[in-house]
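This report refers to the structure that appears directly beneath it.
The values are calculated or read from the model by the stated rules, or taken from the named source; none is laboratory data. If you're wondering where the values come from, they're calculated on a predicted model, not measured in any experiment. Note that each Cβ is placed from the backbone with ideal geometry, even for glycine, and that neighbours are counted across all protein chains shown. The accessibility values were calculated without ligands, DNA or RNA, using every heavy atom of the protein model including side chains. Shrake-Rupley method; radii C 1.70, N 1.55, O 1.52, S 1.80 Å.
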Amino acid sequence: SAVISQKPSRDICQRGTSLTIQCQVDSQVTMMFWYRQQPGQSLTLIATANQGSEATYESGFVIDKFPISRPNLTFSTLTVSNMSPEDSSIYLCSVGHRGGSEQFFGPGTRLTVL
Amino acid sequence: DQQVKQNSPSLSVQEGRISILNCDYTNSMFDYFLWYKKYPAEGPTFLISISSIKDKNEDGRFTVFLNKSAKHLSLHIVPSQPGDSAVYFCAASSSRGGADGLTFGKGTHLIIQP
């Protein structure tokens, strides 16, 4: 399995500001995903981060609010823009391989918006 | 509209006994299912998966059963150990789990009593 790190591990932010979360993998992976877990809820897929092209967003998530970059096969960023208290969640990146059976998760970034 | 449902928010089991966690799904397009274990302040850890062409998959103390006609799967842990105390998430995909975003249930908090 891949070793996945996320930065920051947690942050407290003011409403109206933006935060960029980094996800680094110790090996090349074909697939990278971003999820959100709101308090008391399940994990929800935000988008698939595509290397060298625009991310593929799920229904209810838009690029202006959650811009994503993936410059190479080991790194991706998720920005939470113009934050409100409703954005307070744990944000997780995950990785997998096309044709692979498993998906592995990073430790998550706990975001609190005041 | 929740496509993956875990109807038991919590489950308490005595150490050494069998733990059975249940999951139901509604989307007929799902054909790959995964179970994850999550400790507080950590990302989900992959446990075991099953393809819809099988009805059982076993890995050590963990066995997953799939009843496709009932759209139901279950995770059996035998024997249960104190380190098994965690939140367990059921997840589903319409392709191999590593290549596609996952749809998660809300989780079941398993408590192993000494």
Considering residues of the range B:17-64 that are within 11 Å of another protein chain (Cβ to nearest Cβ), touching a residue at least 60 places away in the same chain (Cβ under 8 Å) and open to solvent by 10 Å² or more (accessible area, probe 1.4 Å) only, the residue farthest from residue B:99 (Cα to Cα): B:38
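Residues that are surrounded by 13 or more Cβ atoms within 10 Å (Cβ to Cβ) and at pLDDT 95 or above: which strands (runs of 3 or more DSSP E) entirely in the range A:6-114 hold 2 or more of them?
A:10-13, A:19-25, A:31-37, A:43-49, A:68-72, A:75-80, A:89-96, A:109-113
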Any chance residue A:85 is over 22 Å from residue B:89 (Cα atoms) and in contact (Cβ under 8 Å) with a residue 24 or more places away in the chain: yes
Checking residue B:93 against (1) within 14 Å of the chain's Cα centre (by Cα); (2) away from chain A (no Cβ under 13 Å); (3) hydroxyl-bearing (Ser, Thr, Tyr), the condition it does not meet: (2)
Residues satisfying the stated conditions in the range B:4-16, i.e. open to solvent by 60 Å² or more (accessible area, probe 1.4 Å) and within 24 Å of residue B:96 (Cβ to Cβ): B:5
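Answer with yes or no whether residue A:58 is without any contact (Cβ under 8 Å) to a residue 24 or more places away in the chain, among the acidic types (Asp, Glu) and over 22 Å from residue A:112 (Cβ atoms).
yes
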Count of the range B:26-54 residues which are within 14 Å of the chain's Cα centre (by Cα) and over 16 Å from residue A:101 (Cα atoms): 2
